[in-house]
Amino acid sequence: MARRNRSAKTGAREKALPAEVTEYAKRRDKPQPNGTIQPAKGKLGVMIPGMGAVATTFVAGVEAIRRGLAKPIGSLTQMGTVRLGKRTEGRSPKIKEFVPLAGLDDLVFTGWDIFEDNMYEAASKAGVLDQRLLDQLKPFLSSVTPRAAVFDHNYVKKIDGPNVKKGKTKMDLAEQLRGDIRDFKKTSGASRLITMWCGSTESYIEATEAHQSVKAFEKALRENDEMIAPSMIYAYASLLEGVPFANGAPNLTVDLPVMLELSRKNQAPICGKDFKTGQTLMKTVLAPAFKARLLGLSGWYSTNILGNRDGEVLDDPGSFKTKEESKLGVLEHILQPGLYPELYGNMFHKVRINYYPPRGDNKEGWDNIDIFGWLGYPMQIKVDFLCRDSILAAPIVLDLVLLVDLAKRSSELQGIGIQEWLSFYFKSPMTVPGLYPEHDLFIQLMKLKNTLRHLRGEELITHLGLEYYD
Ligand SMILES: NC(=O)c1ccc[n+]([C@@H]2O[C@H](COP(=O)([O-])OP(=O)(O)OC[C@H]3O[C@@H](n4cnc5c(N)ncnc54)[C@H](O)[C@@H]3O)[C@@H](O)[C@H]2O)c1
């Protein structure tokens, strides 16, 4: 019915269009989906290691939206649309109507943390959301209590807490986590699960022999190898249970051969790392503009002032190094100094994070950018982003939960492991080894929407547009 109305409305215009356009319109009346997508039936259980500022802002936000108290601003899955077919067709459904996503009412939650605070207490301490809003949601938020965490102080030096699992070996701890996952599935009645890491940033490490295969990793777990970080134990337990794992921190976690092997074998998608929220979001918008106009860059100095627990954790050099690596990679990949040596061969890129408690979650991300133009004349750009870290991160968490669950239900995506089409959400997107990541926000968005079009058998949008002028 809706389609007939649309044709009636655009019929006059379609008659005047070139044959190729009308041919296309006929073809796409019967799109051939690529693979099958299982319906989003039943509840989706969201399991969150790390019930801090981001996690509580996400869960409280979902509940506020369910109750009609607020809107899901910033969420592509809730507010975004996807254009289908030619610009003349006027077909732009909402993403959540175009692909079968879990509804917000179907989400159920659990989490792990080293502190014993429930979601209401943790959200109140995080100080991101208005206390009056949290009080309205108190019974619901208080019901989400933390399971005991797998934690190692050596990996997050600035914090310690009492709610921690004990086990003789790291393999014992992994088994306990698998028990938690099964318990949650049973008690919540969820038909599907996803693990979403919102825990602290761990100290910087590089992959070793222990991470190269499932066999080596399991041996290392039994031998308590110190190169196995807690986040990897959560990932291992999840993937063994066939549960997808998305990583919001810059930790190595799933960016390892062992996890790719498990992910593919158990059809449990993986993606990460490090939510792209404030300063890096701006960087991946501005840098592509400079490159598009062939403007040179001599230096980019970025500094941050933040006072939440994340800021405190990042005050430790080990955790900061992990974050620094994640933030620094972006410019090299976008600007390609190898291809444009005169423009980007000598750029100086510096990133600082300063823990400054009075700011709380309200981070100030400040950038000084030295660029040069025609004949080498210098110019400067200053960006001062007074942002709210967890307000920017929460919609990303929601989108990832829903889209990773979609991947798990899609016959085309569930077995490929890394979900590169979700690069849009990350500072350090994962790719198969040897492939450089796409950082440009708009390329990432096109990749995401084209993946959705592809799944539904709709024509991919290339923006060529010559057929309008035949
Ligand atoms: N907010 C943003 O804009 C943003 C952007 C990118 C990445 N991140 C990352 O997201 C993560 C969460 O940020 P946040 O602001 O909520 O931090 P937070 O400090 O408020 O919360 C992290 C929580 O994780 C817990 N934790 C640490 N190790 C754990 C473990 N092994 N098991 C279970 N719980 C553990 C901590 O006790 C804490 O409650 C951080 O790694 C941060 O770097 C945040």
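What are the DSSP H helices in the chain that stretch 30 Å or more along their long axis, judged by alpha-carbon atoms, and whose average Kyte-Doolittle hydropathy comes to at least 1.0? The answer, listed by residue number, is 389-409. For the chain, with all protein chains in place and a probe radius of 1.4 Å, 54% of the accessible heavy-atom surface sits on carbon or sulfur. Judged by the mean number of other Cβ atoms found within 10 Å, the most tightly packed of the peptides 140-149, 40-49 leads the ranking 40-49, 140-149. Sum up the charges of everything whose Cβ sits under 13 Å from the Cβ of residue 414, counting Lys and Arg as +1 and Asp and Glu as -1, but leave residue 414 out. With Lys, Arg at +1 and Asp, Glu at -1, the net is +3.
Computed over the chain, the alpha-carbon pair-distance distribution with 10 angstrom bins reads 4, 19, 28, 26, 15, 6, 1, 0, each value a whole percent.
For the chain, with every protein chain kept in place, what is the accessible area per residue (1.4 Å probe, Å²)? Each residue of the chain exposes 45 Å² on average to a 1.4 Å probe. Only lysines eight or more places from residue 327 in sequence, or on another chain, were considered; those with a Cα closer than 22 Å are 157, 158, 273, 276, 283, 291, 350, 363, 382, 427, 447. With one equal scatterer per alpha carbon and no solvent term, the Debye-computed log10 I(q)/I(0) for segment 79-168 at 0.17, 0.18 1/Å reads -0.86, -0.90. When restricted to Cα atoms, segment 166-319 yields an Rg and a Dmax of 18.5, 58 Å, respectively.
Extension gain, residue 386 to residue 332: 0.36 nm times the residue separation minus the Cα-Cα distance gives 16.9 nm. Only one residue of 379, 278, 77 has its Cα farthest out toward the positive end of the dipole of the chain, where Lys and Arg carry +1 and Asp and Glu -1 on Cβ, and that residue is 77. Mean sequence separation of contacting Cα pairs (under 8 Å, at least six apart), scaled by the length of the chain, corresponds to a relative contact order of 20 percent. Counting every Cα pair in segment 172-261, what percent are over 20 Å apart? Looking at segment 172-261, the distances longer than 20 Å represent 33 percent of pairs. Could you tell me which of rounded, prolate or oblate describes segment 237-314, using a ≥ b ≥ c as the square roots of the eigenvalues of the alpha-carbon gyration tensor, with rounded for a/c under 1.5 and, failing that, prolate when a/b is larger than b/c and oblate otherwise? Because a/c hits 1.5 or more and a/b fails to exceed b/c, segment 237-314 counts as oblate.
With the dipole of segment 62-151 worked out from charges on the C-beta (+1 for Lys and Arg, -1 for Asp and Glu) around the Cα centre, which of 134, 151, 102 lies farthest toward the positive end? Farthest along the dipole direction, towards plus: 102. Using the Cα gyration tensor of segment 331-401, with a ≥ b ≥ c the square roots of its eigenvalues, what is the shape: rounded (a/c below 1.5), prolate (a/b larger than b/c) or oblate (neither)? Prolate, because a/c is 1.5 or more and a/b exceeds b/c.
Less than 5 angstrom separates the built amide H of residue 298 from those of 370, 371, 372, all sequence-distant by 5 or more or on a different chain. Is the shape of segment 313-470 best called rounded, prolate or oblate, per the rule: a/c under 1.5 gives rounded, else a/b larger than b/c gives prolate, else oblate, with a ≥ b ≥ c the square roots of the Cα gyration tensor eigenvalues? Oblate, because a/c is 1.5 or more while a/b does not exceed b/c. Exposure check, 1.4 Å probe, all protein chains in place: residue 129 carries approximately 40 Å² of accessible surface.
Put a dot 7 Å past the Cα of residue 443, heading toward its Cβ, do the same for residue 168, and the two dots end up 5.1 nm apart. Remark: the residue 431-residue 321 segment gains 37.5 nm on full extension, using 0.36 nm per residue and subtracting the alpha carbon distance. For residue 294 and residue 350, the FRET efficiency from 1/(1 + (r/R0)^6), where r spans their Cβ atoms and R0 equals 22 Å, is about 0.40. Whole-percent P(r), segment 71-127, all Cα pairs, 5 Å bins from 0: 4, 14, 15, 14, 13, 12, 9, 7, 5, 4, 2, 0.
Per-residue extension of 0.36 nm, minus the Cα-Cα distance of residue 377 and residue 459, leaves a gain of 25.1 nm for this segment.
Taking Cα centre as origin and charging only the Cβ of basic (Lys, Arg, +1) and acidic (Asp, Glu, -1) residues, the dipole magnitude of the chain rounds to 1940 debye. Once the C-beta distance of residue 208 and residue 153 is scaled by a Förster radius of 30 Å, the resulting FRET efficiency is 0.90 to the nearest 0.05.
Between the residues 45, 258, 196, the greatest Cα displacement towards the positive end of the dipole of the chain, with unit charges on the Cβ of Lys, Arg, Asp and Glu, is found for 45.
The values are calculated or read from the model by the stated rules, or taken from the named source; none is laboratory data. In this text, all values refer to a predicted model and were calculated from it rather than measured experimentally. Don't worry about glycine lacking a Cβ; one is built from the backbone with ideal geometry, like all the others, and counts go over all protein chains shown. Accessible surface is based on the protein model in full, side chains and every heavy atom, while ligands, DNA and RNA are left aside. Shrake-Rupley method; radii C 1.70, N 1.55, O 1.52, S 1.80 Å.
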